[in-house]
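The block underneath contains the structure these notes are about, expressed in structure tokens.
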Amino acid sequence: MPALASTVTDTALIFEGGGMRASVTSAVVQVLVEAGIFVDWVAGISAGASNLANYVSRDPARARASFTTFAADPNFGGWGSFLRGTGFFNAHYIYEATAAPGQALPFDFATFAANPARRRVGSFEAETGRMVYWTEADMTDLAGFMRRVRASSTMPILMPPPEIDGRVYFDGALGPSGGIALDAAQADGFGRVFAVLTRERGYVKRPPKWPAAYRAWFRRYPAVAEGLNTRWRNYNRTREELFDLESSGQALLFTPASVAVTNHTTDVTALNQAFERGLAQARQELPRWKDWLGA
């Protein structure tokens, strides 16, 4: 394998989550890889962790399939899977089983490991409420990495949480950043960020309708209930900070022009259409990205 190199070293690349709304932003992965824009520091939370995985492994075909055609896999999930206890999204199958060689969605771990880019995958520790950002030091083998991507992506209620080193983890969107890893980029000293978001520019998250229901459901993990009940505030605050950074020239943002799918859409036609809209928008914006990144 030829040596891999980064082409952008002064900017943090952040992939937001959003479940199947990443059908739009997985198109950004394709455009960046095709254009040879390889950022040296990449973070992802929830579905953004899958985009990170496919970007760092430089696999645009897997990026698209992960959020489009893969939804047609009979083992992908659904309410039957939820009732069987494997989750509305069959998390073990989606993230761990299918990434192995010869499986439904094999992952090129060799290229991932050879890429010099630093990487951060964010998840939420259920018992303590602590936000954890795993680094490349935690991603030394396929199984361990994919379990962390799964942990980052575990939607409360809809998916059973995994354990890692004896601790239970949920979706990193429950953390203080609201699911956008700007805090991780800033902690590592970056003043410039390229944030790939999965909501339209004018979107504002609302408070939950039934906060008491979350507290009842997660009696064992009150920090998870608190994370769910405060996420709207954290999410909106992080987005406002990004918009301020954009205004001052310190941030480049991808915000979808429209998002016609939800975080749990499994209709492949709708997901493919969302990808194509994201692809068209990303290709249109690419010259501006190149100019801002100096790529």
Discussion item. Every residue in the range 126-160 that is open to solvent by 20 Å² or more (accessible area, probe 1.4 Å), more than 29 Å from Gly78 (Cβ to Cβ) and in a loop (DSSP other than H, G, I, E, B), please.
Written reply: Glu127, Thr128, Gly129, Arg130, Thr135, Thr140, Asp141
Worksheet entry | Selection status of Ala260, closer than 18 Å to Glu16 by Cα and not in a loop (DSSP other than H, G, I, E, B) | no
Response to the item:
Taking the range 262-272 and keeping only residues that are open to solvent by less than 70 Å² (accessible area, probe 1.4 Å), farther than 16 Å from Leu197 by Cα and of a type outside the set (Ser, Thr, Tyr), one is left with Val268, Ala270, Leu271, Asn272
Discussion item. Among the residues of the range 67-97, what is the count of those that are of a type in the set (S, T, N, Q), farther than 15 Å from Asn263 by Cα and touching a residue at least 40 places away in the same chain (Cβ under 8 Å)?
Written reply: 2
Fill in: Within the range 198-222, considering residues that are outside any loop (DSSP other than H, G, I, E, B) and of a type in the set (Gly, Ala, Ser), the one farthest from Phe254 (Cα to Cα)
Ala216
Worksheet entry | Selected residue (only one of Ala185, Ala251, Ala216, Ala257 is surrounded by fewer than 15 Cβ atoms within 10 Å (Cβ to Cβ), modelled with pLDDT of 95 or more, within 25 Å of Leu293 (Cβ to Cβ) and of a type outside the set (Asp, Glu)) | Ala257
Worksheet item: Do we have any residue at all in the range 4-14 that's surrounded by fewer than 23 Cβ atoms within 10 Å (Cβ to Cβ) and acidic (Asp, Glu)?
Response: yes
Worksheet item: In the range 136-155, what residues are touching a residue at least 40 places away in the same chain (Cβ under 8 Å) and either under 20 Å from Ala114 (Cα atoms) or out of contact with any strand residue (DSSP E or B) (no Cβ under 8 Å at 6 or more places or on another chain) (or both)?
Response: Leu142, Ala143, Phe145, Met146, Arg147, Arg148, Val149, Arg150
Response to the item:
Residue pairs within 8 Å by beta carbon, gap of at least six or interchain, first lying in the range 19-37 and within 11 Å of Ala280 (Cα to Cα), second assigned to a loop (DSSP other than H, G, I, E, B) and open to solvent by 20 Å² or more (accessible area, probe 1.4 Å), listed first then second, are Val24/Val259
Practice prompt. Provide a single number: the residues in the range 161-182 that are closer than 27 Å to Asn90 by Cβ, open to solvent by 10 Å² or more (accessible area, probe 1.4 Å) and assigned to a loop (DSSP other than H, G, I, E, B).
Written response: 3
Worksheet entry | Hits in the range 273-291 (condition: surrounded by 14 or more Cβ atoms within 10 Å (Cβ to Cβ) and without any contact (Cβ under 8 Å) to a residue 12 or more places away in the chain) | none
Item to complete: Tell me which of these Thr269 doesn't satisfy, since it passes every other one: (1) closer than 25 Å to Phe67 by Cα; (2) in contact with a strand residue (DSSP E or B) (Cβ under 6 Å, 6 or more places away or on another chain).
Response: (2)
Worksheet item: Does Glu246 qualify as being open to solvent by less than 80 Å² (accessible area, probe 1.4 Å), farther than 20 Å from Val132 by Cα, in a helix (DSSP H, G or I) and of a type outside the set (A, V, I, L, M)?
Response: yes
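The values are calculated or read from the model by the stated rules, or taken from the named source; none is laboratory data. Computed from a prediction, not measured in an experiment: that's the story for all the values here. Glycine gets a Cβ as well: all are built from the backbone with ideal geometry, and neighbour counts include every protein chain shown. When the accessible area is computed, the model is the full protein with side chains, heavy atoms only, and any ligands, DNA or RNA have been set aside. Shrake-Rupley method; radii C 1.70, N 1.55, O 1.52, S 1.80 Å.
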